[in-house]
Amino acid sequence: MKNGKISVLVVDDSALIRRLLTDLINGQKDMQVVATAPDPLVARELIKRHNPDVLTLDVEMPRMDGLDFLERLMRLRPMPVLMVSSLTDKGSEVTLRALELGAIDYISKPKVDIVSGMTAYQDLIAEKIRTCAAAKVSAKTQVRQAQEAEHRARAVASSSHQVSYRSTEKMVFVGASTGGTEAIKAFLIDLPADMPAILITQHMPENFTRTFAERLDRDCLLRVKEASHNERLLPGHVYIAPGNLHLEVSRSGANYMTRLLDTALVNRHRPSVDVLFLSAARVAGANAVGVILTGMGRDGAEGLLKMKQAGAYTLAQDEASCVVFGMPKEAIALGAAQEVLPLADLPARVIERLGQRINRV
């Protein structure tokens, strides 16, 4: 920080966007734009000169693509990056790739012709910059990723022979926010194909969740899809809460079903982790395992506590492996988590606990 303020470098090829972002960021008392750059090559020199706390980065720019620059940056000089892009179907794929490469968060570009919403946008980008400044960032290397995958595979293999997963009663419920896209992938990627149904709420816009589910489906043994309303929950399937809709579990006779709700925001979010976890406590009880992962805020903490009180087994990601230790920290403070583990150890522990669950209809 410089002068007690979060220092920000804005990188965008549009002079108008650079000026607008500068004005919005400098309007906050705890942050300031130390420089702006029209492309990554200029940004590279400005990073050396100013050593900013946070970088805002556009995707489509001259001389070097934003993703190419991000990949090099996170390998050679890792720092908190906030992607600024248009939230379109095309942009969602690109933005998810940016998160995969190490960006902390993302936000849509400000719409310069809509003045009425600019105050809300200013508050949102300021919140995301604060989150980025507080986040943990480390170099993304192929060696480290391979080591993590090998560790997860060994951990899962050590537990998977102990249990049989096929069940229409047992379920896993997962909640995450900032840093959650990669944490969820790490959690799911080595789970076996015959796991019980897994329901996930990740804070994400509505035009991102389908793309997110499709990317996970390509990488995982499990079948991953964006949840639809009133569908039966099946073993071997993962259901992602759609953006802008709450996801709940409900019961219809002997079957567990999804339920999507277009109701009020909870903890400023829709979908909300608390909404999912509270439904798990009501409907699934001791047949559930709850997992809360990296994220800013406290969404999911109360719900995880209710799950624990209803007989579910509850776990939280530990601080060292979180990008942002907000949601897990709040859950731990409430006594909602029965275990706190590194991300790499969570899949095997969930498998082990599923083998000990007792079906209660």
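Tabulated results
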| read-out | value |
| --- | --- |
| Criterion (acidic (D, E), in the same structural domain as A186 (by TED's automatic domain parsing) and more than 19 Å from the chain's Cα centre (by Cα)) met by exactly one of E319, E339 | E339 |
| Flag for R97 being of a type in the set (K, R) and either at pLDDT below 95 or in contact with a Gly (Cβ under 9 Å, 6 or more places away or on another chain) (or both) | yes |
| Residue in the stretch 229-243 that is surrounded by the fewest Cβ atoms within 10 Å (Cβ to Cβ), counting only those that are assigned to a loop (DSSP other than H, G, I, E, B) and in contact with a Leu (Cβ under 7 Å, 6 or more places away or on another chain) | H229 |
| Residue in the stretch 165-186 that is at positive phi, modelled with pLDDT of 95 or more and either β-branched (V, I, T) or assigned to a loop (DSSP other than H, G, I, E, B) (or both) present | yes |
| Of all residues in the stretch 61-79 being assigned to a loop (DSSP other than H, G, I, E, B) and closer than 17 Å to T36 by Cβ, the one that is modelled with the highest pLDDT | M79 |
| Unique match (being buried (at least 20 other Cβ atoms within 10 Å of the Cβ), modelled with pLDDT of 55 or more and either closer than 27 Å to F277 by Cβ or assigned by TED's automatic domain parsing to the domain that holds A337 (or both)) among A135, A193 | A135 |
| Any hit, the stretch 244-263, residues being within 15 Å of A176 (Cβ to Cβ) and assigned to a loop (DSSP other than H, G, I, E, B) | no |
| A264 closer than 30 Å to A135 by Cα and without any contact (Cβ under 8 Å) to a residue 24 or more places away in the chain | yes |
| Pairs with Cβ under 8 Å, 6+ apart, first in the stretch 281-300 and over 30 Å from L124 (Cα atoms), second among the small types (G, A, S) and part of a strand (DSSP E or B) | A281/A288; V283/S250 |
| Subset of the stretch 1-47 that is out of contact with any Lys or Arg (no Cβ under 9 Å at 6 or more places or on another chain), among the polar types (S, T, N, Q) and at pLDDT 95 or above - its residue that is surrounded by the fewest Cβ atoms within 10 Å (Cβ to Cβ) | N26 |
| Test: residue in the stretch 55-65 that is of a type in the set (S, T, Y) and within 21 Å of G102 (Cβ to Cβ) | yes |
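So that you can scan it fast, the table gives a plain yes or no per residue for (1) in contact with a Lys or Arg (Cβ under 8 Å, 6 or more places away or on another chain); (2) charged (D, E, K, R):
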position	(1), (2)
F187	no, no
D194	yes, yes
Q202	no, no
T211	no, no
E214	no, yes
D219	yes, yes
A227	no, no
Y239	yes, no
V275	no, no
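The values are calculated or read from the model by the stated rules, or taken from the named source; none is laboratory data. Model, not experiment: these values are computed from the prediction. Here Cβ is always computed from backbone atoms with ideal geometry, including for glycine, and neighbour counts include all displayed protein chains.
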